[in-house]
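The values are calculated or read from the model by the stated rules, or taken from the named source; none is laboratory data. What you see is a predicted model, and the numbers here were worked out from it, not measured in a lab. A quick note on method: Cβ atoms are made from the backbone with ideal geometry, for glycine too, and the neighbour counts reach across all protein chains shown. Ligands, DNA and RNA are stripped out before the accessible areas are found, and what is left, the full protein with its side chains, is counted by its heavy atoms. Shrake-Rupley method; radii C 1.70, N 1.55, O 1.52, S 1.80 Å.
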Amino acid sequence: PSPLEHVYWGRDIGDDASIRATLEAWKDFLRFERLSDTPAEVAQRLADGAVIGWVQGRSEFGPRALGNRSILADPRPAEHKEIINAMIKKREGYRPFAPSVLEERVDDFFEVPGPQKRFPFMSFVLPVREEWRQSLGAITHVDGSSRLQTVSRVCNPKYWELIAAFERLTGIPILLNTSFNNNAEPIVDSVEDAIVCFLTSGLHYL
């Protein structure tokens, strides 16, 4: 049998018209705009230190956010762990956050066993290369490991483009990726879920 390519099997967030209608219903609480170049503009905000709720397409099946219902941040500053915990997650400080890395660049930052380059479901833990452990403080565990997700341009082109735009700004083809939910709720599914979670947390942008 062919290997599973992705698990984006959940509910879709809808088309532009339905998304706008939902946003309009919350206009007393939100300011929203259409971006001319979403990957470039969001990558710039991430590089500037923002923590962002990122929602697109169909939700992920299973326990991991894989770039469609994710909270994203710059993976470099170690203090991002504390910032995100204070904002929304409220979990133990020793628990690391996970990285999403461009599939083509995984070898450059992680010790990959053998020829396998695809780890799309955030279910494998690999060592961060020694020379990057200090630089990638927000996603490197105390033992030097990381539970990574490789991102395919074919399977998730929008998320791939965002990470590639972040690399163009920073030289790092990686984002910190954690599930878009607080400590008491399941991962957001709909646009309205995302708005409610955004408004009841400290996230900078949605």
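Restricting region 165-200 to residues that are open to solvent by 30 Å² or more (accessible area, probe 1.4 Å) and polar (S, T, N, Q), which is farthest from the chain's Cα centre (by Cα)? Even if it seems obvious, please write down each step before you answer.
Going through region 165-200, the residues open to solvent by 30 Å² or more (accessible area, probe 1.4 Å) turn out to be 167-171, 182-187, 189, 192-193, 196, 198-200.
Right, trim to polar (S, T, N, Q) and you get 170, 182-183, 200.
Working: THR170: 17, ASN182: 15, ASN183: 17, THR200: 19 Å.
The residue in question is THR200.
Per-residue answers, yes or no, for (1) part of a loop (DSSP other than H, G, I, E, B); (2) closer than 25 Å to PRO39 by Cα:
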position: PRO127; (1), (2): no, no
position: SER135; (1), (2): yes, yes
position: ALA165; (1), (2): no, yes
position: ASN177; (1), (2): no, yes
position: ASN182; (1), (2): yes, yes
position: ASP193; (1), (2): no, yes
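So ARG91 ticks every box in (1) open to solvent by 10 Å² or more (accessible area, probe 1.4 Å); (2) within 16 Å of the chain's Cα centre (by Cα) but one. Which box is left unticked?
Tallying (1) open to solvent by 10 Å² or more (accessible area, probe 1.4 Å); (2) within 16 Å of the chain's Cα centre (by Cα), ARG91 fails exactly one: (2).
State the number of residues belonging to region 31-51 that are farther than 25 Å from LEU148 by Cβ and either at pLDDT below 95 or part of a helix (DSSP H, G or I) (or both). Let's see the steps before the verdict.
The first filter runs over region 31-51 and keeps only residues farther than 25 Å from LEU148 by Cβ, leaving 31-37, 41.
Next, from what is left, pick out any that are either at pLDDT below 95 or part of a helix (DSSP H, G or I) (or both): 41.
Looking only at that region, the number is 1.
Here's a check for you: in region 137-163, which residue that is closer than 24 Å to PRO113 by Cβ and in a helix (DSSP H, G or I) is least open to solvent (accessible area, probe 1.4 Å)?
Checking each candidate, the answer is ILE163.
Check whether at least one residue in region 52-64 is touching a residue at least 12 places away in the same chain (Cβ under 8 Å), acidic (Asp, Glu) and either open to solvent by 50 Å² or more (accessible area, probe 1.4 Å) or in a loop (DSSP other than H, G, I, E, B) (or both), and report yes or no.
yes
Write out, first by first residue and then by second, each pair whose Cβ atoms fall under 7 Å of each other, whose residues are 6+ apart or on separate chains, and whose first residue, in region 9-30, is assigned to a helix (DSSP H, G or I) while the second is surrounded by 10 or more Cβ atoms within 10 Å (Cβ to Cβ) and not charged (D, E, K, R).
ILE19/ILE13; ILE19/VAL191; THR22/VAL191; LEU23/LEU30; LEU23/PHE32
Within the bounds of region 183-194, is there any residue that is among the polar types (S, T, N, Q) and at pLDDT below 95?
The first filter runs over region 183-194 and keeps only residues among the polar types (S, T, N, Q), leaving 183, 190.
From what's left, at pLDDT below 95: 183.
Checking region 183-194: at least one residue is among the polar types (S, T, N, Q) and at pLDDT below 95.
What's the number of the condition ARG133 fails, among (1) of a type in the set (Lys, Arg); (2) touching a helix residue (DSSP H, G or I) at 6+ places or on another chain (Cβ under 8 Å); (3) surrounded by fewer than 22 Cβ atoms within 10 Å (Cβ to Cβ)?
If we test ARG133 against (1) of a type in the set (Lys, Arg); (2) touching a helix residue (DSSP H, G or I) at 6+ places or on another chain (Cβ under 8 Å); (3) surrounded by fewer than 22 Cβ atoms within 10 Å (Cβ to Cβ), just (2) comes out false.
Collect the residues in region 73-95 that are aliphatic (A, V, I, L, M) and either in a loop (DSSP other than H, G, I, E, B) or at pLDDT below 80 (or both), keeping them in residue-number order.
Filtering region 73-95 down to residues aliphatic (A, V, I, L, M) leaves 73, 78, 83-84, 86-88.
Within region 73-95, just ALA78 meets the criteria.
What residue, among those in region 20-40 that are surrounded by 15 or more Cβ atoms within 10 Å (Cβ to Cβ) and not polar (S, T, N, Q), is farthest from the chain's Cα centre (by Cα)? Quick ask: steps written out before the conclusion?
Initial filter on region 20-40 (surrounded by 15 or more Cβ atoms within 10 Å (Cβ to Cβ)): 22-23, 26, 38-40.
Next, only the ones that are not polar (S, T, N, Q) stay: 23, 26, 39-40.
On the way: LEU23: 22, TRP26: 24, PRO39: 13, ALA40: 15 Å.
Per the criteria, the residue is TRP26.
Scan region 101-115 and report the pairs whose first residue is more than 11 Å from PRO127 (Cα to Cα) and whose second residue is open to solvent by 10 Å² or more (accessible area, probe 1.4 Å) and acidic (Asp, Glu), with Cβ atoms within less than 8 Å and a gap of 6+ or a chain change.
Once the first residue is more than 11 Å from PRO127 (Cα to Cα) and sits in region 101-115, its partners that are open to solvent by 10 Å² or more (accessible area, probe 1.4 Å) and acidic (Asp, Glu) give LEU102/GLU167; ARG105/GLU167.
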